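Right, one structure below, let's go through it.
The values are calculated or read from the model by the stated rules, or taken from the named source; none is laboratory data. Source: prediction; values computed, not measured. Reconstructed Cβ throughout: ideal geometry from the backbone, glycine too, with neighbour counts over all protein chains shown.
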């Protein structure tokens with residue numbers, strides 16, 4: 001049994017896999033773990049040196065797919081990829097297609113990773129720093145986000161496109177990224193200072209967004225199941241509108257479902273218009 | 001009035017418009033440049049409200065003062081609602097603030113009709129111009145078009161916005177006359193024609209200034225009048241063909257406060273709206289014709305989806321051999337979507353397709369089973385009558401509580 005550790009880094013894994021493939025080493029006899037061997041009874045074998053005799057040819061598209069699937073955090077993260085690579089390199093292309101049992105799992109992981117990148121683009125919430133602090137830290141916007149897969153590095157360029165010369169950072173429990181208006185600085189280990197700035201930012205200006213969220217909701221169409229399906233509960237606590245969700249659902253269930261109007265608007269004085277009225 | 005109070009009133013007044021899409025815009029980026037905003041064709045839903053609808057844009061009215069008296073509308077002049085009006089600068093400020101926070105991908109601005117159609121349209125254009133020209137905003141802008149406005153103003157709006165929309169609201173002349181006396185079907189169609197003409201003028205000319213690159217859309221209200229699904233779908237089909245519309249939105253009529261007696265005070269028909277969206281998708285994505293889905297009159301079935309309904313009514317087409325059938329026909333099998341069709345075609349180039357492959361592809365086999373043949377499967381129900389099959393496949397309907405007043 002060969003036990004390997006690639007530090008959850010795709011480039012490292014790719015070099016290891018290329019070497020294994022060159023020596024014709026069967027997927028059943030390799031395992032990638034976290035630093036130590038998981039299987040106590042296995043006798044560790046070293047990784048053979050040199051490129052090895054077997055020259056594998058695989059379609060170019062496969063490498064991109066393996067890289068994307070490698071961002072998935074889960075069981076057998078790297079073993080699964082080597083098994084796909086092995087089968088395709090030995091002429092079985094179905095291993096990368098969704099119809100195959102293994103290929104279907106890889107494709108599912110690719111979809112999950114893509115979905116998680118989309119979640120980042122959708123659900124990151126930046127807090128603008130007050131001017132003095134922004135000047136001191138050279139930073140305009142901070143955000144804290146907890147992605148389920150390793151997508152920050154590959155997906156964060158989106159915000160450089162969106163925010164122009166604004167300086168921002170996104171901290172996560174693992175990694176982090178900072179943009180100074182010109183360059184992205186990605187850190188595999190998020191500096192503690194970044195995490196603190198992002199988690200402790202005060203946001204007196206959040207009220208406007210919360211007011212909008214309350215009022216754009218139509219209680220007559222209440223459908224909390226659909227909300228949960230598109231906006232999984234794990235994101236709620238980092239969204240400013242998260243705490244409003246149960247409150248609005250509760251209000252709607254207790255009588256506010258009659259019509260579409262928000263409670264706060266219904267309480268205000270109305271105004272009928274006659275055509276003779278001078279309009280603003 | 002404070003900004004936050006105006007925002008409450010004017011967001012509340014805008015929520016009955018169903019569209020909140022931010023997709024279809026061309027690639028734009030602000031990387032390393034002054035200004036703010038990017039689009040890449042993909043829409044982003046930044047949040048969801050407890051009605052399960054996506055929040056992609058800041059959707060507000062510039063003002064809910066309105067001269068018109070459309071019976072279905074919460075902002076009609078005879079409605080007793082609080083009124084407010086934003087200045088263009090206030091809308092700009094809100095848009096940029098929410099955008100910077102990553103709460104939205106752009107702005108969807110509409111308005112009540114004040115003074116005149118032209119004046120109202122000019123105000124909407126002013127907001128878009130401020131955003132684009134003063135603030136270098138490259139995010140998504142959707143402007144509502146006032147049907148009676150000068151065509152020159154509509155063209156100006158089309159050069160600033162990613163999408164324009166003119167709402168039909170009620171698909172028949174009779175209903176418009178009864179419920180929206182100030183609106184006319186002919187001017188609505190004329191405005192659509194102006195937009196369509198503007199799009200055609202720049203089509204195929206990559207250097208021409210962009211004109212509504214994300215297309216135009218419209219909305220019809222479902223359940224405020226007696227129009228049936230057949231009329232709604234035929235109307236949608238003619239709009240897709242005649243004006244190159246990108247989307248028709250169906251909005252189940254929500255009861256409004258201070259409701260006039262001319263419109264229903266019932267819960268919005270959400271399932272009917274859902275079936276219309278499904279049928280509409282079949283028109284746009286799958287190549288169905290409205291006439292295939294419904295006869296001259298009638299409504300879509302609520303207990304089965306329209307694709308299954310078509311398959312049950314056309315049993316002579318089935319069962320289809322998944323290994324041989326044309327992709328366009330594969331896509332007509334209930335429970336097999338466009339993505340699965342693509343995958344099946346890729347897979348069958350490599351080898352014969354078995355029943356187990358469909359499970360791996362996560363096709364909805366409960367629906368597909370009676371309609372398919374694979375290399376190792378033939379349906380036992382192939383001879384079963386459609387009525388019996390339907391009884392097995394129908395979705396359970398939530399029980400309707402007996403009303404106190406019948």
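Annotation: of all residues in region A:109-133 being within 9 Å of another protein chain (Cβ to nearest Cβ) and free of Cβ contacts under 8 Å to residues at least 12 places away in the same chain, the one that is nearest to the chain's Cα centre (by Cα) is A:118.
Checking each residue in region B:183-227 for being exposed (fewer than 15 other Cβ atoms within 10 Å of the Cβ) and assigned to a loop (DSSP other than H, G, I, E, B) picks out B:203, B:204, B:205, B:206, B:207, B:208, B:209, B:226. Taking the conditions (1) crowded, with 19+ Cβ neighbours inside 10 Å; (2) more than 8 Å from chain B (Cβ to nearest Cβ) in turn, residue A:136 satisfies each one other than (1).
Of all residues in region B:1-30, those that are free of Cβ contacts under 8 Å to residues at least 60 places away in the same chain, at the interface with chain A (Cβ under 8 Å from one of its Cβ atoms), assigned to a loop (DSSP other than H, G, I, E, B) and surrounded by fewer than 18 Cβ atoms within 10 Å (Cβ to Cβ) total 0. Only one entry in B:361, B:347, B:320 is farther than 30 Å from residue B:223 by Cα, surrounded by 15 or more Cβ atoms within 10 Å (Cβ to Cβ), within 14 Å of chain A (Cβ to nearest Cβ) and more than 29 Å from the chain's Cα centre (by Cα), namely B:347. Restricting attention to region B:225-235, the residues that are within 15 Å of residue B:180 (Cα to Cα) and out of contact with any helix residue (DSSP H, G or I) (no Cβ under 7 Å at 6 or more places or on another chain) total 1. Considering region A:259-276, and only residues there that are within 9 Å of chain B (Cβ to nearest Cβ) and in a helix (DSSP H, G or I), the residue that is farthest from residue B:72 (Cα to Cα) turns out to be A:264. Restricting attention to region A:194-227 and to residues that are in contact with a helix residue (DSSP H, G or I) (Cβ under 9 Å, 6 or more places away or on another chain) and without any contact (Cβ under 8 Å) to a residue 12 or more places away in the chain, the residue that is surrounded by the fewest Cβ atoms within 10 Å (Cβ to Cβ) turns out to be A:207.
In region B:31-53, the residue that is surrounded by the fewest Cβ atoms within 10 Å (Cβ to Cβ) out of those that are under 18 Å from residue A:117 (Cα atoms) and within 7 Å of chain A (Cβ to nearest Cβ) is B:45.
The helices (runs of 4 or more DSSP H) found wholly in region B:59-167 and carrying at least 3 residues that are more than 12 Å from chain A (Cβ to nearest Cβ) and free of Cβ contacts under 8 Å to residues at least 40 places away in the same chain occupy B:117-129, B:151-160.
For region A:152-177, the set of residues classified as touching a helix residue (DSSP H, G or I) at 6+ places or on another chain (Cβ under 7 Å) and more than 25 Å from residue B:140 (Cα to Cα) consists of A:171, A:172, A:175, A:176, A:177, listed by residue number.
Please specify each residue of region B:43-58 satisfying the condition of being assigned to a strand (DSSP E or B) and either under 22 Å from residue B:4 (Cβ atoms) or free of Cβ contacts under 8 Å to residues at least 24 places away in the same chain (or both). B:47, B:48, B:55, B:58 - these are the residues of region B:43-58 that are assigned to a strand (DSSP E or B) and either under 22 Å from residue B:4 (Cβ atoms) or free of Cβ contacts under 8 Å to residues at least 24 places away in the same chain (or both). Within the bounds of region A:240-258, is there any residue that is facing chain B (nearest Cβ under 7 Å) and modelled with pLDDT under 85? Taking every residue of region A:240-258 in turn, at least one turns out to be facing chain B (nearest Cβ under 7 Å) and modelled with pLDDT under 85.
Quick one: is residue B:263 outside any helix (DSSP H, G or I), modelled with pLDDT of 95 or more and not assigned by TED's automatic domain parsing to the domain that holds residue B:367? Here the answer is no, as residue B:263 does not meet what is asked. Scanning region A:218-239 for residues that are within 15 Å of the chain's Cα centre (by Cα) and assigned to a loop (DSSP other than H, G, I, E, B), we see that the one that is farthest from the other protein chains (Cβ to nearest Cβ) is A:232. When region A:16-44 is filtered for residues that are in contact with a strand residue (DSSP E or B) (Cβ under 8 Å, 6 or more places away or on another chain) and modelled with pLDDT of 75 or more, the ones remaining, listed by number, are A:16, A:20, A:25, A:29, A:30, A:31, A:32, A:33. Residues in region A:45-69 that are surrounded by 15 or more Cβ atoms within 10 Å (Cβ to Cβ) and either part of a helix (DSSP H, G or I) or at pLDDT 95 or above (or both): A:62, A:65, A:66, A:67, A:68, A:69.
Residue A:182: within 8 Å of chain B (Cβ to nearest Cβ), more than 28 Å from residue B:48 (Cα to Cα) and without any contact (Cβ under 8 Å) to a residue 60 or more places away in the chain, yes or no? Criteria met by residue A:182.
Residue-level analysis places residue B:234 outside the set of residues that are in contact with a strand residue (DSSP E or B) (Cβ under 8 Å, 6 or more places away or on another chain), farther than 23 Å from residue B:163 by Cβ and not in a strand (DSSP E or B).
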